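The block underneath contains the structure these notes are about, expressed in structure tokens.
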Amino acid sequence: MSSLIEQRKQAIALFFQHADTSVPTLVDYHLDSFLRGVLGLPDLPEGQAPYVGWMVGNKQSSEAMKISAKGVALIKRWEGCRLTAYQCSAHVWTIGYGHTQGVKRGDKITRRQAERLFLTDIPVYEQIIHQHVTVELNQNQFDALVSFVYNVGETAFKNSTLLKLLNQSKYDKAAKQLFRWVRAGGRRIEGLANRRNEEYQLFTK
């Protein structure tokens, strides 16, 4: 049952990522067959009836920005894809494209599972930006911030001077704060410094 619930969550997350959410939406659960195909999930056993019913779509404004293909490529390039669990520079167990939730030593996944985890993780970080940023952002700024928060996490972001300056419309000063986030485990990480530089270049482009 828990596996079925997780699959439904993934399907719903995928739908909301691509649906027109300017108005509440009614969705027939029969769409599950399409969503399962996109997610690479197994079909229902032959003879088993599909889910029957409706769910109400979210009411998020159609103006809510989503990460672009450029932003996705940036995150994937810096995170890399590793199919066996490893400890990142902050000593957190990680797998796939930087996925950390529920990961433990010895875990292994396929590349398809890594893509699926990434697909469900990205909307979480998009929502963090929508929740905490109160000023207008262009696409490049939004992409850079999603990449940044994907790396440092919500708690660090919401308590950061970067966010404080940004919400005061001090875009240039906020962008320069990125260069402060280059350490992990008490030491400077060159890879983080390079990532922050690319995020800065994108934010200010």
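The values are calculated or read from the model by the stated rules, or taken from the named source; none is laboratory data. Since the model is a prediction, treat every value here as computed from it, not as a measurement. Please note: Cβ atoms are built from the backbone with ideal geometry, for glycine as well, and neighbour counts cover all protein chains shown. Quick note on the areas: whole protein, heavy atoms, side chains included, nothing else; ligands and nucleic acids left out. Shrake-Rupley method; radii C 1.70, N 1.55, O 1.52, S 1.80 Å.
Tabulated values for the structure
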{"read-out": "Candidate set from region 168-187 (those that are at pLDDT below 95 and open to solvent by 80 Å² or more (accessible area, probe 1.4 Å)); member that is farthest from the chain's Cα centre (by Cα)", "value": "R187"}
{"read-out": "Pairs, first closer than 21 Å to R196 by Cβ and open to solvent by less than 50 Å² (accessible area, probe 1.4 Å) in region 69-89, second assigned to a strand (DSSP E or B) and among the β-branched types (V, I, T), C-beta under 9 Å, six or more apart", "value": "E79/T94; C88/T94"}
{"read-out": "Residue ID - farthest from Y125 (Cα to Cα), chosen from residues in region 65-110 that are among the polar types (S, T, N, Q) and not in a loop (DSSP other than H, G, I, E, B)", "value": "T84"}
{"read-out": "Selection count where residues are open to solvent by 80 Å² or more (accessible area, probe 1.4 Å) and touching a helix residue (DSSP H, G or I) at 6+ places or on another chain (Cβ under 6 Å), scope region 193-205", "value": "1"}
{"read-out": "Among (1) surrounded by 16 or more Cβ atoms within 10 Å (Cβ to Cβ); (2) in contact with a strand residue (DSSP E or B) (Cβ under 7 Å, 6 or more places away or on another chain), the one test that Y150 misses", "value": "(2)"}
{"read-out": "Criterion (closer than 18 Å to A64 by Cβ and buried (at least 17 other Cβ atoms within 10 Å of the Cβ)) met by exactly one of L117, L145", "value": "L145"}
{"read-out": "Complete set of residues in region 155-167 that are without any contact (Cβ under 8 Å) to a residue 24 or more places away in the chain and either buried (at least 17 other Cβ atoms within 10 Å of the Cβ) or assigned to a loop (DSSP other than H, G, I, E, B) (or both)", "value": "N159, S160, L162, L165"}
{"read-out": "Residue in region 145-154 that is in a loop (DSSP other than H, G, I, E, B), of a type outside the set (V, I, T) and more than 20 Å from I95 (Cβ to Cβ) present", "value": "no"}
{"read-out": "Matching option when the condition is under 18 Å from R77 (Cβ atoms), open to solvent by 60 Å² or more (accessible area, probe 1.4 Å), free of Cβ contacts under 8 Å to residues at least 24 places away in the same chain and not hydroxyl-bearing (S, T, Y), among E190, E136", "value": "E190"}
{"read-out": "Selection within region 97-112 - free of Cβ contacts under 8 Å to residues at least 60 places away in the same chain and surrounded by fewer than 17 Cβ atoms within 10 Å (Cβ to Cβ)", "value": "T100, Q101, G102, K104, R105, G106, D107, K108, T110, R111"}
